[in-house]
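Notes to accompany the following structure.
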Amino acid sequence: MRRPDTPATGVGSGRLWVLLIIIAILPVALITTLDLPVPLTAGVGAAYLLQLVVVCVALLRLRIQPQDPWIWIAVLYACLQVVTLVSAWLAGLDTDLMDLLGVVGKLLGVVIYAGVAQAMTPSERQMGDFLRGFLWLTVLTVIVNVALNAGDFSSISTVTSSYELDFSSFFANRNQYGFFLFLSIVAHALFLHGRRPGPVSILLFAAQFGSLILTMSRTSLIAVLIFALVFAVLHLRSRPTFLISFIVLGGFAVLLANYLGLMDTLRKVLVRPSSGLAGRDDLWQLGLGIWYDHNILFGVGAFNGIDMAQQLGMTTAEFHSFFVETLVGGGLVEMLVLLVIVSIAWSRLARSPLDSYRRHVLYASGVAVAVYSLAESASLFSIGLVGTVFTVFVITLPILYSNLRPSEAEVPDRSSGRVPGCANAPSSPQL
């Protein structure tokens, strides 16, 4: 089927993805912030059903259908998940209902976030709709964060532990807000394509970085640092002046912090050497032990694995590592399937005529997410906020940018300073 681009249909190919993210955030924001007497699982389930309705409406209005090879990959992925549950059952393990629902979720997840994206040929305007919408959502989180924690700002300089404060806006915890801010910085960098950073952009970057520091989420801060360094190496290496300026500004910031006496506070609150890995190494050892002792190839099921770990003394509901959780849930087979899916999505981006700036932003974000996933529970194709946001940025965006209209994906015209598809772009980003 032809992949028409129909901006007049109301729900554009860019707005669809930001709408799905907003819907995924709603149950977390409403239940945790307003303390509603509703089980979070029920709220997440209701939001997922609403996401499916939105996708169905969008497919009808955009007159598109999911594309191969994603349909058969989705079916294969679901079948392998069923094999995981059957093998666990044959081994005498209980089958968790959430793992059964997870099979359906992963099947539909690959179809929606990869297959539907593959069927779209977005325009610059539509990609801008997604980025602009995500940045407006970021502005909202910053405003809510300030409003909810206004009384705690005066005590920031006196805290001795990051656990004394909880700047998490309307998210479930500060790590969750941290990864959202990290990805919002990636979105902001993509949005600056073809634009000069103006006062609005500089102010927003300051709000993003300031809010990220307030979360005191080490993994998210490290992810942003890696993103910036990889982007500098990839993109600024051909521009020595910019690269030197980047290094000088970074060094100046460190010297200024040291002069103001902030380095010791930053070391205690952000680096937290006394905390080490905050018990993550014990969780990883526990998870890898369950994986190794039960089923190396197919795992035992994600929720089943968590139940088993909690019976062995784990007090959290996650292993704090995407890779450990994948091995526990689906074994080496699921890990291989996910690596194949990611490889296909990003190989399409590598072969596309997309300009070097956005290509480098996406590559840098991919490296940062991979490192982040070592110590945090990022997820792909899972139901809920974390799975939705990470899947959009790791799978959907690379596919959409690889399908960007060829005339709009070309390298910018250096002589005119303008970017194809952004001929009327303002000098500063207007959110």
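Taking the options Ala47, Ala42, name whichever one is open to solvent by less than 40 Å² (accessible area, probe 1.4 Å), out of contact with any strand residue (DSSP E or B) (no Cβ under 6 Å at 6 or more places or on another chain) and aliphatic (A, V, I, L, M).
Ala47
Select, from Leu338, Leu374, the only residue that is farther than 22 Å from Ala24 by Cβ and either surrounded by fewer than 23 Cβ atoms within 10 Å (Cβ to Cβ) or not β-branched (Val, Ile, Thr) (or both).
Details: Leu338 fails: farther than 22 Å from Ala24 by Cβ.
None of the other options fit; the residue is Leu374.
Determine whether Val57 is free of Cβ contacts under 8 Å to residues at least 24 places away in the same chain, of a type outside the set (S, T, N, Q) and more than 30 Å from Asn145 (Cα to Cα). Don't jump to the end; show me each part of the working.
Details: free of Cβ contacts under 8 Å to residues at least 24 places away in the same chain: no; of a type outside the set (S, T, N, Q): yes; more than 30 Å from Asn145 (Cα to Cα): yes.
Answer is no for this residue.
Would you check if Gln81 is of a type outside the set (A, V, I, L, M, F, W, C) and surrounded by 14 or more Cβ atoms within 10 Å (Cβ to Cβ)? In short, yes. Residues of the range 273-311 that are open to solvent by 70 Å² or more (accessible area, probe 1.4 Å), hydrophobic (A, V, I, L, M, F, W, C) and modelled with pLDDT under 90: Leu277 alone.
Kindly check whether there is at least one residue in the range 89-102 that is buried (at least 18 other Cβ atoms within 10 Å of the Cβ) and under 25 Å from Leu349 (Cβ atoms). Before you say what the answer is, go through the steps one by one.
Quick first cut of the range 89-102, residues buried (at least 18 other Cβ atoms within 10 Å of the Cβ) only: 93, 96, 99, 102.
Add one more test, that the residue is under 25 Å from Leu349 (Cβ atoms), and what stays is none.
Scanning the range 89-102 turns up no residue that is buried (at least 18 other Cβ atoms within 10 Å of the Cβ) and under 25 Å from Leu349 (Cβ atoms).
Scoring Phe182 on the criteria (1) open to solvent by 10 Å² or more (accessible area, probe 1.4 Å); (2) in a helix (DSSP H, G or I) leaves a single failure, condition (1). Annotation: Ala172 fulfils all but one of (1) open to solvent by 30 Å² or more (accessible area, probe 1.4 Å); (2) at pLDDT 90 or above; the unmet one is (2). The test for being assigned to a helix (DSSP H, G or I), of a type in the set (A, V, I, L, M, F, W, C) and over 23 Å from Ser13 (Cβ atoms) does not hold for Leu52. Restricting the range 114-132 to residues that are under 20 Å from the mean Cα position of the chain (by Cα) and open to solvent by 20 Å² or more (accessible area, probe 1.4 Å) leaves a set whose member that is nearest to Arg405 (Cα to Cα) is Asp129.
Every residue in the range 325-343 that is touching a residue at least 40 places away in the same chain (Cβ under 8 Å) and more than 18 Å from the chain's Cα centre (by Cα), please. Let's see the steps before the verdict.
If we filter the range 325-343 for residues that are touching a residue at least 40 places away in the same chain (Cβ under 8 Å), which is where we start, we get 325, 327-331, 333-334, 337-338, 340-342.
Listed by number, the residues that qualify are Leu327, Val328, Gly329, Gly330, Gly331, Val333, Glu334, Val337, Val340.
The number of residues in the range 77-100 being within 30 Å of Met120 (Cα to Cα) and touching a Leu at 6+ places or on another chain (Cβ under 6 Å) comes to 1. Note on the range 185-225: residues that are open to solvent by 50 Å² or more (accessible area, probe 1.4 Å) and at pLDDT 95 or above amount to 0.
Filtering Met98, Met127 for residues that are of a type outside the set (D, E, K, R), in a helix (DSSP H, G or I), touching a helix residue (DSSP H, G or I) at 6+ places or on another chain (Cβ under 8 Å) and over 15 Å from Gly14 (Cβ atoms) leaves a single hit, Met98. Taking residues in the range 372-387 that are modelled with pLDDT of 95 or more, and partners anywhere that are open to solvent by less than 20 Å² (accessible area, probe 1.4 Å) and among the basic types (Lys, Arg), not one pair has Cβ atoms closer than 6 Å while being at least 6 places apart or on different chains.
Quick one: would you say Ser347 is without any contact (Cβ under 8 Å) to a residue 12 or more places away in the chain and in a helix (DSSP H, G or I)?
Details: without any contact (Cβ under 8 Å) to a residue 12 or more places away in the chain: yes; in a helix (DSSP H, G or I): yes.
Yes.
Every listed requirement among (1) part of a helix (DSSP H, G or I); (2) out of contact with any Leu (no Cβ under 9 Å at 6 or more places or on another chain) is met by Ala74 save one, (2). Condition check for Pro353 on (1) modelled with pLDDT of 95 or more; (2) surrounded by fewer than 22 Cβ atoms within 10 Å (Cβ to Cβ); (3) more than 18 Å from the chain's Cα centre (by Cα): one failure, at (1).
The values are calculated or read from the model by the stated rules, or taken from the named source; none is laboratory data. The structure presented is a predicted model; accordingly, all values stated were derived computationally and were not measured. Counting neighbours? That spans all protein chains shown, and the Cβs are built from the backbone with ideal geometry, glycine included. Protein only, heavy atoms only, side chains kept; ligands, DNA and RNA dropped before computing areas. Shrake-Rupley method; radii C 1.70, N 1.55, O 1.52, S 1.80 Å.
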